[in-house]
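Structure, as structure tokens:
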Amino acid sequence: NHNNPVFLMAGGLGTRLRPLTDDVPKPLLKIGKKPILQTILEQFISAGFTNFFISTHYKAEMVKEYFGDGRKWKVSIKYIHEKEPLGTAGALGLLPKNLPNLPLIMMNCDLLTKVDFTYLLEFHLKHGGKATMCVREYDFQIPYGVVKAVNHKIISIDEKPIHKVFVNAGIYVLSASLIKSINKVIYMDMPNFLEKTITNVGDVNMFPI
């Protein structure tokens, strides 16, 4: 079993999924026969995690009523309520100060993944950064011939090139010291938070999935 806290971000308005989210918050939308957040929770439980925090805002009472205190799954679930939307990282400032001195896994509540969470945790500990961001490869093709030139002379023409980049996958591991460094509650998105971490505190590693 892992005593590491798991923080699931479930407070979003689900604007892009309307009208599906007019009456049901996005975490409770069913994928197959169960809500997506239940699938995520059960994936973590099967990997040995038992200590959960869920951030709420939009239709928070429906989320709390469905998952309760976690007793149904034999785990602990506590809720972090955002009175106002705080971005993808702002709710970190609302976490209790007595968290175990262990890395925390943070994940958006609208992701279906087969990431091995135990291996992700081991990767983070092995590489010793302040944080680890899961990334995935994204390919995009330019539908034209790309011209490279020096002044007015064409050097090459690359016909419909494919570019490969890494993009944020919405799953993170954060060191205990990094979480404790958050001393106020402000609106904050995760990319900005990690950029400041890189600049001011230490390394942020990437974990390709």
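The values are calculated or read from the model by the stated rules, or taken from the named source; none is laboratory data. Here the structure is a predicted model, which is why all the values come from computation and not from measurement. All Cβ positions, even for glycine, are placed from backbone atoms using ideal geometry, and neighbour counts span all protein chains on display. With ligands, DNA and RNA removed, areas are computed over all heavy atoms of the protein, side chains included. Shrake-Rupley method; radii C 1.70, N 1.55, O 1.52, S 1.80 Å.
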Report summary line: Among (1) free of Cβ contacts under 8 Å to residues at least 60 places away in the same chain; (2) farther than 18 Å from Ile186 by Cα; (3) open to solvent by 20 Å² or more (accessible area, probe 1.4 Å), Ile31 falls short only on (1)
Query raised in the report: Does Asn151 satisfy being on the phi < 0 side of the Ramachandran plot and of a type in the set (S, T, N, Q)?
Result: no
Requested in this report: Return yes or no: is Tyr58 modelled with pLDDT under 90 and in a helix (DSSP H, G or I)?
Outcome: no
**Report entry** Pairs with Cβ under 8 Å, 6+ apart, first in the range 46-73 and in contact (Cβ under 8 Å) with a residue 60 or more places away in the chain, second charged (D, E, K, R)
**Finding:** Ala47/Asp116
Query raised in the report: Can you tell which of Lys97, Lys148 is modelled with pLDDT of 90 or more and among the basic types (Lys, Arg)?
Result: Lys148
Report task. Could you tell me which residue of the range 115-134 is modelled with the highest pLDDT, considering only residues that are touching a helix residue (DSSP H, G or I) at 6+ places or on another chain (Cβ under 8 Å) and open to solvent by 10 Å² or more (accessible area, probe 1.4 Å)? Result -> Met133
